[in-house]
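Undergrad: Quick one: structure below, then a few questions.
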Amino acid sequence: MEYMILLYSDETMSPDFAPGSPEFEEMMGEWMAFNQTLIDSGQMIGGASLAGTDTATVLTKNFDGIDAVTDGPYAETKEQIGGYYIVTADSLDDAIDIARRVPIPVGKFEVRPIAFRPA
């Protein structure tokens, strides 16, 4: 079965390492190693890191055909979606185990079965 793992964290608490710095390279090394384990196990379907909420744009559609485009984020919250994975796992417990291994020290991870995904 396929699952989406949504990665939530407080983006104001994210480290501000410059790309190319030793700290940035160490952090990215952990992510790349984690991603490689998912690839090697055949569990990785896809995923991405998202740009900060200050870059978000929200499209609101209404039943009367009128829509509005505004600067984001969609909701003012302490935690934002920072990225996601789409994985294959034998069970919800296995998908939760994958989420536990995501290299974010503090955050929340929403694990949801994918109901339909076009081939």
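The values are calculated or read from the model by the stated rules, or taken from the named source; none is laboratory data. Bear in mind the structure is a predicted one, so any value in this text is a computation, not a measurement. Virtual Cβ from ideal backbone geometry, glycine too; neighbours counted across all protein chains shown. Surface accessibility is based on the protein's heavy atoms, side chains included, excluding ligands, DNA and RNA. Shrake-Rupley method; radii C 1.70, N 1.55, O 1.52, S 1.80 Å.
Undergrad: For Ala95, all conditions in the list (1) at pLDDT 90 or above; (2) outside any strand (DSSP E or B); (3) open to solvent by 60 Å² or more (accessible area, probe 1.4 Å) hold save one; what is the number of the exception?
TA: For Ala95, the exception is condition (3).
Undergrad: Take segment 98-117 and flag every residue that is loosely packed, with under 14 Cβ neighbours inside 10 Å and part of a helix (DSSP H, G or I).
TA: Scanning segment 98-117 gives Arg100, Arg101.
Undergrad: Which residue is modelled with the highest pLDDT, if the candidates are limited to segment 1-17 and must be open to solvent by 80 Å² or more (accessible area, probe 1.4 Å) and aliphatic (A, V, I, L, M)?
TA: Taking the candidates together, the pick is Met1.
Undergrad: Which condition breaks for Ile39 when tested against (1) modelled with pLDDT under 85; (2) over 16 Å from the mean Cα position of the chain (by Cα)?
TA: Only one criterion is unmet by Ile39, namely (1).
Undergrad: Working only within segment 69-92, note down all residues that are more than 18 Å from the chain's Cα centre (by Cα) and at pLDDT 85 or above.
TA: Residues satisfying the conditions are Val69, Asp90, Ser91.
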